[in-house]
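These notes are about the structure you will find just below.
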Amino acid sequence: MLRRLTLGMAVIMLPFAAAQLVAAPAEAAPSVVTLHYDASDLPDYQAETAQAVANWNGLEHNVQLSAGGNATILLHEVNGGGSYTQTDGHGNGDIYIDVQQVAQGFDPTRIIAHEFGHNLGLPDDYSGPCEEVMSGHGPGTSCKNAVPDAQEAAQVDQNFANGFAATSSRRVTQD
Ligand SMILES: [Zn+2]
């Protein structure tokens, strides 16, 4: 009996121990990707750039934008033609901010947050509400929101859950 009892106990212990043995290692949290940007060629919108960056950084876990360093996102000022970006959608690109579009009444911080959104992998959603930054000029000049919504922020975190891709040759132009 005693023997059986011991055996019984041994069997009972085993599954717990076995469970411990086979527990999958906890998933390592994705390391935070730091994307460096350079806004030196956008002299008139330094404060707006810093605010747009803070708006994104405040919502993201897997990726952060940081000024200086080996920049892969470059911001430029243009005069006419509309604001746009040429990007691989994964942290590499050139952003062009049109001073005429600002003069028409579009909020510069919102435009910059929108163009960063493309470099973080988000498409345009012009029919979307003002609460989204990717609705861009869709909601009109009265829309001054420059803070991404929760869905936009979650999509960007997902886009960078597997890290940062090296410079990609394929770049697309998005307004
Ligand atoms: Zn756009």
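The values are calculated or read from the model by the stated rules, or taken from the named source; none is laboratory data. Predicted, not measured: the structure shown is a model, and the values here were computed from it. Methodologically, a virtual Cβ is constructed for each residue, glycine included, from the backbone with ideal geometry; neighbour enumeration extends over all protein chains shown. Protein only, heavy atoms only, side chains kept; ligands, DNA and RNA dropped before computing areas. Shrake-Rupley method; radii C 1.70, N 1.55, O 1.52, S 1.80 Å.
Quick look at the values:
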quantity	calculated
Residue list for segment 96-150, filter: under 17 Å from Asp41 (Cα atoms) and either modelled with pLDDT under 95 or of a type in the set (A, V, I, L, M, F, W, C) (or both)	Ile97, Val99, Val102, Ile111, Ile112, Ala113, Phe116
Search result, residues across segment 120-129 that are more than 22 Å from Leu74 (Cα to Cα) and either touching a helix residue (DSSP H, G or I) at 6+ places or on another chain (Cβ under 7 Å) or open to solvent by less than 40 Å² (accessible area, probe 1.4 Å) (or both)	Gly128
Some residue of segment 69-83 being away from the ligand (no atom under 13 Å from the Cβ), among the hydrophobic types (A, V, I, L, M, F, W, C) and farther than 21 Å from Leu42 by Cβ	no
Breaking point among (1) touching an Asp or Glu at 6+ places or on another chain (Cβ under 9 Å); (2) away from the ligand (no atom under 13 Å from the Cβ); (3) under 13 Å from His90 (Cα atoms), for Gly117	(2)
Residue within segment 135-152 that is β-branched (Val, Ile, Thr), under 19 Å from Gly82 (Cα atoms) and away from the ligand (no atom under 14 Å from the Cβ) present	yes
Sole exception among (1) in contact (Cβ under 8 Å) with a residue 60 or more places away in the chain; (2) aliphatic (A, V, I, L, M); (3) within 12 Å of the ligand (Cβ to nearest atom); (4) under 18 Å from Asn55 (Cβ atoms) for Val172, by number	(4)
